[in-house]
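This report refers to the structure that appears directly beneath it.
Any read-out appearing in this document is the output of simple, stated calculations on the displayed coordinates, not a laboratory observation. Computed from a prediction, not measured in an experiment: that's the story for all the values here. So basically every Cβ, Gly included, is an ideal-geometry build from the backbone, and we count neighbours across all protein chains shown.
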């Protein structure tokens, strides 16, 4: 007899899973020995939300499906904020949750069983692609473009009893193409390429297309690193900066690849994207919901014929010196008194990160994170991650755990407010001795909410000695004031350590133009 727990573990191994994130409860405890027997490592979180955040960070950094194991009722419900972020950012994770024993369930009746919900899968319906009791289906749906989270549930008594997880059932997930392919040769002069998270794996195709068409490439938050910093066709600043907006206006057409052109990247759709517009997207409705498109190829850029790009007429670059645009953006920000310190933080951070082989960066919804998300020079694909799906405060630290658990040296930049959301996960970092550096940029409150007013009720926070807190968990920690030379040296020392570190930086930074109160176009 194969128990449900063993079947789950065996299925995970069959799907190539060797690392999951979990929090045990009496209902799901059978999964721990089953996973151990199957050779699957479980990294234990201290809150169920941390399990799902770590699975999300793991998925974004590795390109694999992340897995979270949680228990019934409140354990499952605790993941919803994190699952919502994965859903909005199209991150492929699978939440494996238990339900109350099947023998206790009575349809349409709440009986008062411990952890009972009348419709536990229904809680996940708005933020997952599928809710299922077939684990293979959950993985297939999560990993099928457009990727996203899936919810799998098993009654707790089935974990220990003889239980079949079910067959796949034969699902058709993708339309392999449309007649948009035939219009590809009709691209107008001065093309601009806009790349979103749906193309984060398409470095070679984006590089070839940009060089063939002589086109500049604008990347959204989710696509940072698809072309490495310094690439001659990469626009080195976000579209919110006036110099970049001016470049976009000069274009003769727009090729949108793997992006739904969301509000945050387009300043609530005020950004002019020159027509004609061509989209490459696995979902035509997604491609056309925010801007009208003249043609849509329903698929991924990798689905295009291998020779198609090479048959396009070769064009000379029309956009001039993109590096000069990047320098002009930073010179202007450096000269402005309110943003000078922020640029110093950005550039000192870039210098240290690049000197230490470019660890994976997770940026939270904090002022420091906004600067990194929009402006950091990213030198490799999947090198920067940011929760600009839902905009989930407190995401970066536990998400960084997911990448670090996969053996990827990582740095999480968080604010003092967001760090308190998941402070207990420091215990996970210490216990697992993860290669994760946590940089807490402390401005004494919810700094973004102070703008444009300095004092807002509810936004000031009591001081926390994050060094003492980290050391209480057994993690070496350092505190510095400001983002000058002392910060640069301390960050370098932390990264050189190779294990868990925390750096507490006391500084107030001014928000960038990528934040909605400062959008130039409204």
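General remarks:
- Converting the Cα gyration tensor eigenvalues of the stretch 336-518 into ellipsoid dimensions via √(5λ) gives semi-axes, longest first, of 23, 18, 16 Å.
- Its Cα gyration tensor gives the stretch 1-54 an equivalent ellipsoid. The semi-axes, each the square root of 5 times an eigenvalue, are 19, 13, 8 Å from largest down.
- Using the Cβ-Cβ distance between residue 433 and residue 486 with R0 set to 30 Å, the FRET efficiency works out to roughly 0.65.
- The relative contact order of the stretch 179-323, computed from alpha carbon pairs under 8 Å that lie at least 6 residues apart in sequence, is 30 percent.
- Pairwise Cα separations in the stretch 27-68 fall into 5 Å bins from 0 onward with the following percentages, short to long: 6, 22, 23, 27, 18, 4, 0.
- FRET efficiency for the pair residue 338 and residue 103, taken as 1/(1 + (r/R0)^6) with r the Cβ-Cβ distance and R0 = 56 Å, rounds to 0.30.
- Exposure proxy order (Cβ contacts within 10 Å, fewest to most) of 382, 224, 212, 106: 106, 212, 382, 224
- Between the alpha-carbon centres of the stretch 309-325 and the stretch 412-428 there is a gap of 43 Å.
- Over the stretch 4-160, equivalent-ellipsoid semi-axes from the Cα gyration tensor in Å: 22, 18, 14
- Value of Rg to Rh for the chain (Rh from inverse mean 1/r over Cα pairs, i.e. Kirkwood): 0.98
- Percentage relative contact order, the chain, counting C-alpha pairs under 8 Å, at least six apart: 14
- Fewest-first sequence of 388, 419, 448 by Cβ atoms within 10 Å of each Cβ: 448, 388, 419
- Reciprocal mean inverse distance between Cα atoms of the stretch 179-323 - Kirkwood radius, Å: 14.8
- Order of 128, 311 under a 10 Å beta carbon neighbour criterion, fewest first: 311, 128
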